[in-house]
Every structure is written in structure tokens, then in C-alpha cells.
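Shown next, in C-alpha cells, is the structure this report addresses.
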Amino acid sequence: VIITGASRGIGLATAIKFLDSGCKVYITYKSSPKNHFKKFKVFKNKNLIPIRCDMTKFNQIKKLKNKIKENYVDVLVNNVGDVLKRSSFMDSTDELWKKSIDLNLMSTVRSTLILSKKLTNSRSAVVVNISSIAGRAGGSGDSLHYGVAKGAVNVLTSGLAREFRKKKFNIRVI
């Protein structure tokens, strides 16, 4: 199992569930301080492998792939995401939009693409893309950039599910 952005929140809770089921779990984190990990006993579990990786960087995701010892991946949970900055549309910047789309959408695209060979090597792989209610509602008045990016994740998920089914890959996308 690979879970992106899993040093806290939904990602960490998901990792704990998989660990409790006896799975080997790789998690990515960007910049959690060492003492952050110490307060969670789960990080002492030998089946948990935390890997520092900026999921917005294509080359770092390629390095992540090389650090995964197994030839296959059964589950990929694309969990990375953040609002980054609260801003009305009128006060938003091109840079904020680019960063939001890069983090919230393109990290999911890149990790799925780069890990696709390991996913196809599984007998029955699953890709789980974590989105947000903002992806349906457009975000609140101060996070439209986030809502648009998460809406794109929803479209990506539907499209990938259809494509993988059509090509008869053993990969479900939800």
C-alpha cells in the first residue's frame, strides 16, 4: 500500500487501518519534523515505511517508485492536498492557482502515472483518489482554486476508471 501525504489527518488514519490489517504501508510526507513522528506509536511499526517526498516534483515521485522494493502495488491512495492559502477569486494570483493545481491535481496524475507499472503488476490493484466536497461545490468563497483542482480530481477518477476498465487492466479507480 502507498499513501501519499500520510503523516497526519486522513492519510495517517488510513495508514493505521491498513497496518492493523497486516499490510506493508509506504507513506509519503513532505516536511514533518522528526518529533511529529515520535508522538505516534504507529511509526515504530516495522511494516510502515515513511519516505520524504514532495509530491509536486516529478523527479521525487520517480525516486519514490525506486524506493519501493516490491514489484507491484496493490493499493495507491492519492491523499495529498491542501487549500494552501485562503483567498477570494478577485484577490487570487496566477501563482496560487498554479500551486493549487500542481498539489491537488497534478500530484495525483503524476503518482498514478509513475506507479502505473507497479499497479498493473498487481492481480487486483485499487487507486483511491481523495477529493473534497469542495470539488462538487466549487469551494467556499475563499478557496475556489482548491475546489476547481479537486473537481478535476473527480473527473480524472471517473475517466481513469473507464479507461482502465476498457483496457482490461486489473486496476479499479475510486
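The values are calculated or read from the model by the stated rules, or taken from the named source; none is laboratory data. All figures in this text were calculated on a predicted structure; none of them were measured in a lab. We place every Cβ from the backbone using ideal geometry, glycine too, and count neighbours over all the protein chains shown. Keep in mind that these areas ignore ligands, DNA and RNA; they rest on the heavy atoms of the full protein, side chains included. Shrake-Rupley method; radii C 1.70, N 1.55, O 1.52, S 1.80 Å.
Brief remarks on what is shown
- For the range 20-30, 3J(HN,Hα) per residue [Karplus equation, 6.51 cos²θ - 1.76 cosθ + 1.60, θ = phi - 60°, Hz, x = Gly/Pro]: 4, 8, x, 7, 8, 10, 9, 10, 10, 9, 9
- Computed extension gain for residue 65 through residue 51, at 0.36 nm per residue and net of the alpha carbon distance, reaches 4.0 nm.
- Rolling a 1.4 Å probe over the protein heavy atoms of the chain, with every protein chain left in place, gives an accessible area that is 54 percent carbon and sulfur.
- Span from the the range 46-70 Cα centroid across to the the range 106-146 one, whole angstrom: 17
- Low-density loop cleavage sites - trypsin sites (Lys or Arg not before Pro) in the range 128-174, where at most 12 other Cβ are within 10 Å (DSSP): 167, 168
- Mean separation of Cα contacts under 8 Å (6+ apart) over length of the range 50-120, as relative contact order %: 47
- For the chain, averaging the sequence separation of C-alpha pairs within contact (under 8 Å, six or more residues apart) and dividing by the residue count gives a relative contact order of 20 percent.
- Helix-derived mean residue ellipticity, 222 nm - over the chain, DSSP H n ≥ 4, -39500 (n - 2.57), to 500: -12500 deg cm²/dmol
- Listed candidates (i) 15.9, 52; (ii) 16.2, 49; (iii) 15.3, 49 - label of the one calculated as Rg and Dmax of the Cα atoms in Å: (ii)
- Applied to the range 66-74, the Karplus parametrisation 6.51 cos²θ - 1.76 cosθ + 1.60 on θ = phi - 60° returns per-residue 3J(HN,Hα) values of 5, 7, 7, 5, 5, 7, 9, 10, 7 Hz, with x for Gly and Pro.
- Interchain or long-range residues, amide H under 5 Å from residue 173's placed H: 127
- The modelled label-to-label distance between residue 90 and residue 123, using points 7 Å beyond Cα along the C-beta direction, is 6.0 nm.
- Net charge, residue 157 excluded, C-beta distance under 12 Å - Lys, Arg +1, Asp, Glu -1: +2
- Cα-based reach from residue 150 at 17 Å (exclusive), listing lysines while leaving out same-chain residues under 8 positions away: 85, 98, 99
- For the range 139-156, 3J(HN,Hα) per residue [Karplus equation, 6.51 cos²θ - 1.76 cosθ + 1.60, θ = phi - 60°, Hz, x = Gly/Pro]: x, 6, x, 10, 8, 4, 4, 5, x, 5, 5, 6, x, 5, 4, 4, 5, 4
- Under-5 Å amide H pairs with residue 75, H placed in peptide plane, nonlocal only: 2, 126
- R0 of 30 Å, Cβ-Cβ distance residue 17-residue 166: FRET efficiency to nearest 0.05: 0.45
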